[in-house]
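Quick notes on the structure that follows.
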Amino acid sequence: MTKKRCVLATLTLITTIAIACGTAQPTPAVSPTLTPLPTKGPAAEAQQASGMTAYERSCARCHGANLEDGFSPKLSRPVLASYDTALELHEYLRSAMPKGNAGSLLDQEYYDITAYLLFEQGLLSEEQVVDADSAPNIQLPD
């Protein structure tokens, strides 16, 4: 198991335990610390972890913890790959999600969620960061 997978698994386990015990912390009133925007290495790992946290907070209740087991449409590889670029996916998420509260997240959170979704479905390498500069150039396969 890669270090990134261990970190993501640990964060998921902690969140699950906190929710099960009824001790989940409320969403802070201030914005969370956001991911820096370098293009390689630990920044990509940090962005995916931040994206996973934002996904769990804002998306998982509808789309499911594993992206495909919720009551809303599955966020499967074919669905995500139907967007031509990471930018198109980001723009859709920002303009339509969360349902009933579209645009309520910070732009960086939408980039982080985009990176997390694409990485989890094998459409993004673990070195790639999704930001305003890179997103138009990250082509998604048909």
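Of note:
- Phi-derived couplings, Karplus 6.51 cos²θ - 1.76 cosθ + 1.60 at θ = phi - 60°, listed residue by residue for the stretch 104-114: 7, 8, 5, 4, 5, 5, 5, 5, 5, 5, 4 Hz, with x used for Gly and Pro.
- Sorting the segments 59-67, 95-103 by their residues' average number of neighbouring beta-carbon atoms within 10 angstrom, most packed first, yields 59-67, 95-103.
- Count Lys and Arg as plus one, Asp and Glu as minus one, and take only other residues whose Cβ is under 14 Å from that of C59; the net charge is then -1.
- Note on the stretch 38-137: the C-alpha convex hull projects to 5.5 nm² when averaged across all orientations.
- Net charge, L93 excluded, C-beta distance under 12 Å - Lys, Arg +1, Asp, Glu -1: -3
We did not get these values from a lab; they are worked out from the coordinates using the rules stated. These figures come from a predicted structure and were not determined experimentally. Because the Cβ atoms are built from the backbone with ideal geometry, glycine has one as well, and the counts that use them run over all protein chains shown.
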